[in-house]
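The values are calculated or read from the model by the stated rules, or taken from the named source; none is laboratory data. Predicted, not measured: the structure shown is a model, and the values here were computed from it. Note that each Cβ is placed from the backbone with ideal geometry, even for glycine, and that neighbours are counted across all protein chains shown.
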Amino acid sequence: MSIIRIDGGRRLYGSVTVHGAKNSVLPIMAASLLACGETVIHNCPNLSDVDAAIQILVHLGCTVNREGEKVYVDSKTLTRSDIPHELMREMRSSVIFLGAILARLGEAVLSMPGGCELGPRPIDLHLSALRAMGAEIDEEGGKIICKAKNLKGCRVNLTFPSVGATENTMLAAAKCSGTTIISNAACEPEIWDLQSYLRRLGIKAHGAGTPIITIEGCGKKGNTEHWVIPDRIVAATYLACAASTGGAVELRGICPGHILTVTETLAEMGCEIKAGIDSIFINAEKPRKAVKPIITKPYPGFPTDAQPPIMAASLTAEGTTVFVENIFENRYRHVAELLRMGADIKTEGRVAIVSGVKKLHGAPITATDLRGGASLVVAALGAESITEISGVAHIDRGYDDIVGVLETLGADILRFE
C-alpha cells in the first residue's frame with residue numbers, strides 16, 4: 001500500500017503542463033473498437049483507469065501497445081464480446097464499452113461496473129437508449145446481456161444529461177443504420193472530444209457541446225490518430241493546490257474556457273487569475289475569503305469533480321462558504337478526513353457549510369475516492385506539519401504522477417510503500 005507524505009505550509013511556485021483528460025481518453029479507447037483498424041491516441045495520461053481500459057481491450061482481442069504518452073490500439077482482431085467482473089470492477093466508466101461492443105459485434109455481456117462509491121449511479125439511461133435503438137437487454141445475476149442484430153437510428157430523449165449515457169448512445173449510433181438524434185445530451189468538453197474522434201472515422205456527428213446531438217451511422221474502416229484534450233479537473237486541482245498554499249503557478253497546455261466556473265470562483269476568493277490562449281496563471285498570495293454558494297451542475301455549471309479540491313482550498317478562507325452537491329449524493333466522503341485536520345465543516349444531505357479556520361494541522365488520513373483523495377492533497381499542502389495520506393490507489397485513477405508534479409512546484413512531498 002502506498003502512502004503520500006506531505007509536510008505542508010510551503011507556497012507552490014512554477015509552471016506545470018496539464019496531461020490529457022481521463023474522462024475523454026476512456027470513451028475514445030472504447031470508440032477505437034469501431035475503427036476496425038489502428039488508432040493512435042496522443043496525450044494519453046499514465047493512469048490506473050487507463051491501464052484498466054487497456055486490459056479490457058486486450059481481453060476483447062485487440063492489440064494494444066503504449067509508448068510514453070501514445071497508446072496504439074488495433075481493433076481489427078476484436079473477437080470477444082464479454083468483459084468479466086474482475087475487469088469491470090476496476091472502474092465505473094468501463095460500462096462505456098457496452099455501446100461500442102454491441103455496435104461492432106451485435107452482442108455484449110458485461111457485469112455491473114465498479115469504481116468510486118459516490119452513491120447510486122444507475123445505468124438505466126444507457127440501457128433505455130440502447131433498447132430504443134433495437135437492443136434486447138436482460139439483467140441476470142449481476143450481468144448485462146445485450147443482443148442486437150440490427151441497431152437502427154432513432155430519437156433518444158435522455159431524462160438527465162448523463163455523460164456516460166450520452167457517450168454510450170453516440171457509440172452505438174455510430175454503427176446504426178439511419179440517423180440518431182440525442183435530446184438533452186450532456187454538453188461536457190469530453191463529449192465534443194468523442195465526437196471529434198468519431199468524425200475521424202468518417203462518421204457524421206454534429207451538435208456536441210449542445211443538448212442536441214445528431215449522428216448518421218456507418219463511417220469508414222481504417223487507421224487514424226487523435227489528440228486528447230487536456231484534463232480540466234486536473235487543472236482545477238492544481239489551481240486549488242496553489243490557492244491552498246498561497247502560491248503562484250502557471251498551468252500550460254489547457255483550455256481555459258473549460259473551467260470558467262472554477263476560475264471565477266477562485267477569483268471571487270481573492271486569487272489573481274490571468275488566462276491565456278492555452279494557459280492560466282494564478283497568484284494566491286493575498287488572503288482568501290469565502291465566496292457565494294458553490295452549486296454543482298452539469299456542464300457548463302460548476303463541475304462536481306472540482307467540488308472536493310475547491311472545498312479544500314476554502315477551508316482557511318475568511319468567512320463561510322456553502323456547497324450544494326446536486327450530482328452525487330455521497331460526494332462528501334472526504335469531509336470526515338478534512339475534519340481530522342482541523343477543518344470546520346457541517347453537512348446535511350446535499351449541503352456542506354465550510355467555516356474558515358485560521359490554520360489546518362497535519363494528520364493521518366485516508367482517501368476513499370478519486371476527487372476526495374485529491375482534496376486531501378490540497379488540504380495537506382496548506383496545513384502545518386506532516387500529513388500522511390493512505391488509499392493512494394484512488395488518486396492514481398485520475399492523476400498522472402501527482403507527487404512528481406507537486407514536487408517540481410516546491411512541495412515537500414514524497415511517496416513510499
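Annotations for the structure displayed:
- Qualifying residue in segment 176-188 (condition: in a strand (DSSP E or B), free of Cβ contacts under 8 Å to residues at least 40 places away in the same chain and touching a Pro at 6+ places or on another chain (Cβ under 8 Å)): yes
- Flag for ALA374 being in contact with a Phe, Trp or Tyr (Cβ under 8 Å, 6 or more places away or on another chain) and assigned to a helix (DSSP H, G or I): yes
- Subset of segment 6-18 [surrounded by 17 or more Cβ atoms within 10 Å (Cβ to Cβ) and part of a strand (DSSP E or B)]: ILE6, ASP7, VAL16
- VAL291 meets the stated requirement of being without any contact (Cβ under 8 Å) to a residue 60 or more places away in the chain, under 20 Å from ALA243 (Cβ atoms) and either in contact with a helix residue (DSSP H, G or I) (Cβ under 7 Å, 6 or more places away or on another chain) or surrounded by fewer than 23 Cβ atoms within 10 Å (Cβ to Cβ) (or both).
- For segment 19-49, the candidate set comprises residues that are closer than 17 Å to ILE233 by Cβ and hydrophobic (A, V, I, L, M, F, W, C); within that set, the residue that is surrounded by the fewest Cβ atoms within 10 Å (Cβ to Cβ) is LEU47.
- For segment 346-364, filtered to residues that are in contact (Cβ under 8 Å) with a residue 24 or more places away in the chain, more than 18 Å from GLY8 (Cα to Cα) and in a strand (DSSP E or B), the residue that is farthest from the chain's Cα centre (by Cα) is SER355.
- Residue within segment 378-393 that is farther than 18 Å from VAL335 by Cα, in a loop (DSSP other than H, G, I, E, B) and not aliphatic (A, V, I, L, M) present: yes
- One residue stands out in segment 81-91 among those that are in a helix (DSSP H, G or I) and without any contact (Cβ under 8 Å) to a residue 40 or more places away in the chain: the one that is surrounded by the fewest Cβ atoms within 10 Å (Cβ to Cβ), namely GLU86.
- Scanning segment 204-263 for residues that are more than 21 Å from the chain's Cα centre (by Cα) and in a loop (DSSP other than H, G, I, E, B) returns GLY207, GLY217, CYS218, GLY219, LYS220, LYS221, GLY222, ASN223, GLY246, GLY247.
- Of all residues in segment 61-80, those being surrounded by fewer than 22 Cβ atoms within 10 Å (Cβ to Cβ), in contact with a Gly (Cβ under 8 Å, 6 or more places away or on another chain) and in a loop (DSSP other than H, G, I, E, B) number 6.
- Among the candidates VAL50, VAL58, VAL95, residue that is assigned to a helix (DSSP H, G or I), at pLDDT below 95 and either in contact with a strand residue (DSSP E or B) (Cβ under 9 Å, 6 or more places away or on another chain) or not hydrophobic (A, V, I, L, M, F, W, C) (or both): VAL95
Per-residue answers, yes or no, for (1) in a loop (DSSP other than H, G, I, E, B); (2) modelled with pLDDT under 95; (3) surrounded by 17 or more Cβ atoms within 10 Å (Cβ to Cβ):
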site: ALA108; (1), (2), (3): no, no, yes
site: GLY114; (1), (2), (3): yes, yes, yes
site: GLY119; (1), (2), (3): yes, yes, no
site: PRO122; (1), (2), (3): yes, yes, no
site: LEU127; (1), (2), (3): no, yes, yes
site: ARG131; (1), (2), (3): no, no, no
site: GLY134; (1), (2), (3): yes, no, yes
site: ASP138; (1), (2), (3): no, yes, no
site: ILE144; (1), (2), (3): no, yes, yes
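- So CYS255, is it surrounded by fewer than 21 Cβ atoms within 10 Å (Cβ to Cβ), modelled with pLDDT under 95 and touching a strand residue (DSSP E or B) at 6+ places or on another chain (Cβ under 8 Å): no
- Considering the conditions (1) surrounded by 23 or more Cβ atoms within 10 Å (Cβ to Cβ); (2) more than 22 Å from GLU388 (Cα to Cα); (3) in contact with a strand residue (DSSP E or B) (Cβ under 6 Å, 6 or more places away or on another chain), VAL262 is excluded by exactly one of them, (3).
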